[in-house]
Amino acid sequence: QLSTTVLVLCLVSVPVAWFYLPQSDIHQEGVEYREAGLWLKTQPGSNVMSRKVQPAFYAGKNHIDTTATYEQLLYSDADYVVFDKRISWQVRPQLRFLLEKDKVDGLELVYTYEDDKYPLKIWKILK
């Protein structure tokens, strides 16, 4: 009898609790990457450098993982560099200037995804 009561309470309370939970970032994750990828899809070039694979996936282009240094980035095979606040900011702090600045030698800012929490910029590598 007790196990049946516990089972019923779990089956009822879990969906109710889930419904009333505030929408967290997990529900919104990837919006900026999808938007960036859809924009990139309309651009020439075939190689996209980013920490996350989604921009290249949505663009139908090749993914290249973000390099460790600015110099490596300039001499890579990438046509575009995607730098975001959600992931790149955390794992590549030495490249944070790609989100902080609007002008960088050797790069052209071509796209900005405006968001208070998770902005993103796409740079074209000038070759």
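The values are calculated or read from the model by the stated rules, or taken from the named source; none is laboratory data. Bear in mind the structure is a predicted one, so any value in this text is a computation, not a measurement. Using ideal geometry, Cβ is built from the backbone for each residue, glycine included, and neighbour counts are taken over all protein chains shown. For accessibility, only protein heavy atoms count, side chains too; no ligands or nucleic acids. Shrake-Rupley method; radii C 1.70, N 1.55, O 1.52, S 1.80 Å.
Filtered by the rule that a residue be farther than 30 Å from Thr67 by Cβ and at pLDDT 55 or above, the range 14-49 gives a lone residue, Pro15.
Beta carbons closer than 9 Å, at least 6 apart along the sequence or on distinct chains, pair a first residue in the range 31-53 that is within 10 Å of Tyr111 (Cβ to Cβ) with a second that is open to solvent by 60 Å² or more (accessible area, probe 1.4 Å) and part of a strand (DSSP E or B) for Gln43/Lys124. Restricting attention to the range 62-84, the residues that are assigned to a loop (DSSP other than H, G, I, E, B), surrounded by 15 or more Cβ atoms within 10 Å (Cβ to Cβ) and free of Cβ contacts under 8 Å to residues at least 24 places away in the same chain add up to 1.
Restricting attention to the range 41-61, the residues being among the polar types (S, T, N, Q) and part of a loop (DSSP other than H, G, I, E, B) number 3. Scanning the range 93-127 for residues that are in contact (Cβ under 8 Å) with a residue 24 or more places away in the chain, farther than 18 Å from Asp79 by Cα and assigned to a loop (DSSP other than H, G, I, E, B) returns Asp115, Lys117, Tyr118, Pro119.
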